[in-house]
1. Quickly run through the range 119-158 and pick out the residues that are in a loop (DSSP other than H, G, I, E, B) and out of contact with any strand residue (DSSP E or B) (no Cβ under 7 Å at 6 or more places or on another chain).
2. Within the range 25-35, can one find any residue that is in contact with a Ser or Thr (Cβ under 8 Å, 6 or more places away or on another chain), within 15 Å of the ligand (Cβ to nearest atom) and not charged (D, E, K, R)?
3. Could you count how many residues in the range 282-304 are more than 10 Å from the ligand (Cβ to nearest atom) and assigned to a helix (DSSP H, G or I)?
4. Consider V253 carefully, then state whether it is under 29 Å from A64 (Cβ atoms) and in a loop (DSSP other than H, G, I, E, B).
5. Would a scan of the range 292-303 turn up a residue that is surrounded by 24 or more Cβ atoms within 10 Å (Cβ to Cβ) and either closer than 25 Å to D443 by Cα or outside the structural domain of K469 (by TED's automatic domain parsing) (or both)?
6. Are any of the residues in the range 462-482 farther than 28 Å from P381 by Cβ, within 22 Å of the chain's Cα centre (by Cα) and not assigned by TED's automatic domain parsing to the domain that holds G288?
7. Confirm whether G94 is in contact with an Asp or Glu (Cβ under 9 Å, 6 or more places away or on another chain), within 9 Å of the ligand (Cβ to nearest atom) and modelled with pLDDT of 95 or more.
8. Quick one: T182 ticks every box in (1) under 30 Å from P370 (Cα atoms); (2) buried (at least 24 other Cβ atoms within 10 Å of the Cβ); (3) not charged (D, E, K, R) except a single one, so which number is it?
Amino acid sequence: MMNTPPADFDIIFGGGGTAACVAAGRLAAANPTLRILVLEAGEHTKNEDSHVQPGRYFGHLSPASTTLKFHVGKPSEALAGRSLVIPSGRCIGGGSSVNFTMYTRASASDYDDWETQFKNPGWGSQYLLPLLRKTETYQAQPNQPTHGYSGPLKVSWGGHVTNVANQFLEVAAATDHNRTYTEDANDFYECNKYGKWPKWIDGETGKRSDPAHYYIYNQGANENLVIRTGQQVKRVLFEGEKAVGLEYVADRVLRPDADQAPQQVYASRLVVLSSGAFGSPAILERSGIGAADLLAKHDIPVKVDLPAVGENFQDHNICFVPYQASDEAETFDALIRGDIAETTKNSDLWTEGKGLLAANGMDAGIKIRPITEQDFAELGPEFEGRWNDYFVNAPDKPVIWFGPSSFLLGDHTTAPVRRYFSMAYVNEYPISMGSVHISSGEDPHAPSDFNPAFLNHPADLATLRWGYKKTREIARRMKYYRGEHLPIHPNFAAGSEALCSGEVSGPITLDAPRLKYTEEDDKAIDDFHRKFIQTSWHSLGTCAMKPREEGGVVDPRLNVYGTTNLKVAGDRRLFHLSLLLEFMPSFNLSIPRVGFCFLDLSIAPANVGANTYSSALTVGEKAAVIIAEDLGLQIDGVGALETSEQTISGLDELVPAPPTKTKLPDDFAGLEGIEGLTISSMVNDEYTNSKPAMITVM
Ligand SMILES: Cc1cc2nc3c(=O)[nH]c(=O)nc-3n(C[C@H](O)[C@H](O)[C@H](O)COP(=O)(O)OP(=O)(O)OC[C@H]3O[C@@H](n4cnc5c(N)ncnc54)[C@H](O)[C@@H]3O)c2cc1C
């Protein structure tokens, strides 16, 4: 038995992303004497324009970005030989500090499945809805029963809703007589209603609503809450079966010249892994927790043979199909190209909480399910089984989400300089599932052995085919429509009725007949999806919360199977805690104990039919409850989070400033030629290790 050095902290978080910021922030607010360390691979985000101005999210997608980590999948026949590249957030706040700020909630039945199908008591919708409400102040609309009105994160329509979105809604209303409009398309329960789309943006200040700023940076005066950036967690340190600390090394992207000697840090009460769907399984495997044969391959002594670690990888498949737009369309394209006048104008507007930098260009949409015979015919026989097995008895689950985006999400260096809008459609519950594992037992910077497994099932293609056809009919009728952007559309055969048109003078009439697609046309659409489908940036599921014998890695208390944990025996039930949290008690510390648990979207046992930020926040809130109870902390009122803008200061245990200009980070070695990585590359991106500069303000 090793002699564990004295602990420097009560709780250590390995990974400082979305869920970690929420849980660490809640615990610190509840008891400021709790010594909490957050170790994060990426950089600080505090008050950086590239993070707080939501409209700059494109910049993070640049191949030179240091705020994303790019995970390169194996080449796949299902993707026409492509290697899909899937990024994840890599900074304080993780995905929430770089994402598109789309506010989309899961369906209630998604969480009910987590509870009943995957046997996780306390994780059903009735327990999580109070936590969803607790995260938010819903500025978009008053008095909605399923929304919250006093949480730290603001939700609004953003600083500008484009006329493209309004046109989309008008055409949908005029042509889709089977579906209606709603003011709240995210009420948690309903599908098949068109609506404006809210954002995680403060409607008054125009700022991004992220837990980095509103759960962590606003507690800058608390010296017991320590954030260390530029640190790669290598593995968990154990004393027997008990997790006692973390080993970490300097991050090579942020600190390329730093000594790589491993350092150790110890916790007196809890070690938390919160490194996301890619980071958390990798840390577990390097710690000897994973499939025994895989660990043996990398010379890692087996601590727990847990074959499900790194399996069950899920995401959503998305396609942004671009259309040429007339000059009247309000779009982000000039901003993305770095146009100085446009950037200056919108920077000025942002100071008043208005304009495109206070928005995201995705202002309308629908969670849609098939209704008509034509819908089912377009979805075809490949989808029939999926419909009957999965969707038919879950009326709140959308088959796809679709909506307009006021930009071309593609390479603006090769596209003609003009305005574009796109139709985005997302397969909300792909059947195909992948895996992510380590490729080295020692080097935490080594690329992962990653199989995204997109489009391995024919029903996934059928769903997307429906998305293409439905959205194209709306796009062609919108008054700003000026033809398809041919490089990113299916290559229909000459003579096909479906042939794309390129430049046109205007839209077709609202009552024009719908296009008819032949089998050959459908094949062209499938080929197109194999070539162009991409990630929705919604990775999850790789350390699934399920029974161990059913492929689980963590139990419903977020403890890793086979390690000593803090499971509280007895009769305290989670729903009592959820109710208590409504009133946010404060904590009293009791017996020091050490444990090990998990907290990020890697725990999701199954997919959610939505963008995933909202679920990550909820996992963070739920984890705060569980940790408080497991540590024997008494909850008798939880400290409120100070959300005033003035309090965002302090917490400055910063790494040295990153170098201003270096070669591409290691993540990118050999990636230059990979299709998909150029998506959203910016005109003015320099290969720097500083903030990616998508939009320059001169
Ligand atoms: C580009 C992008 C756009 C998105 N757009 C939207 C959107 O518009 N709406 C929406 O709802 N969702 C969106 N998402 C998804 C959403 O942001 C994520 O689902 C969510 O942030 C996941 O939270 P998490 O806590 O599980 O992990 P993350 O937030 O990814 O946090 C994990 C953290 O761990 C760190 N880490 C990893 N490995 C290590 C290690 N070894 N050592 C130390 N630190 C480590 C990472 O750097 C990261 O900061 C988007 C995501 C991305 C990446």
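1. K119, P121, G122, W123, G124, Q141, P142, N143, P145, T146, P152 - these are the residues of the range 119-158 that are in a loop (DSSP other than H, G, I, E, B) and out of contact with any strand residue (DSSP E or B) (no Cβ under 7 Å at 6 or more places or on another chain).
2. There is no residue in the range 25-35 that is in contact with a Ser or Thr (Cβ under 8 Å, 6 or more places away or on another chain), within 15 Å of the ligand (Cβ to nearest atom) and not charged (D, E, K, R).
3. 8
4. Yes.
5. Kept after step one, since they are surrounded by 24 or more Cβ atoms within 10 Å (Cβ to Cβ), are these residues of the range 292-303: 295.
Retained after the next criterion (residues that are either closer than 25 Å to D443 by Cα or outside the structural domain of K469 (by TED's automatic domain parsing) (or both)): 295.
So far as the range 292-303 goes, yes, one or more of its residues are surrounded by 24 or more Cβ atoms within 10 Å (Cβ to Cβ) and either closer than 25 Å to D443 by Cα or outside the structural domain of K469 (by TED's automatic domain parsing) (or both).
6. Within the range 462-482, not a single residue is farther than 28 Å from P381 by Cβ, within 22 Å of the chain's Cα centre (by Cα) and not assigned by TED's automatic domain parsing to the domain that holds G288.
7. On the way: in contact with an Asp or Glu (Cβ under 9 Å, 6 or more places away or on another chain): yes; within 9 Å of the ligand (Cβ to nearest atom): yes; modelled with pLDDT of 95 or more: yes.
Yes; evaluated as a whole, the condition is true for this residue.
8. Tallying (1) under 30 Å from P370 (Cα atoms); (2) buried (at least 24 other Cβ atoms within 10 Å of the Cβ); (3) not charged (D, E, K, R), T182 fails exactly one: (2).
The values are calculated or read from the model by the stated rules, or taken from the named source; none is laboratory data. As the structure is a computational prediction, the values presented were derived from the model and not from experiment. Here Cβ is always computed from backbone atoms with ideal geometry, including for glycine, and neighbour counts include all displayed protein chains.
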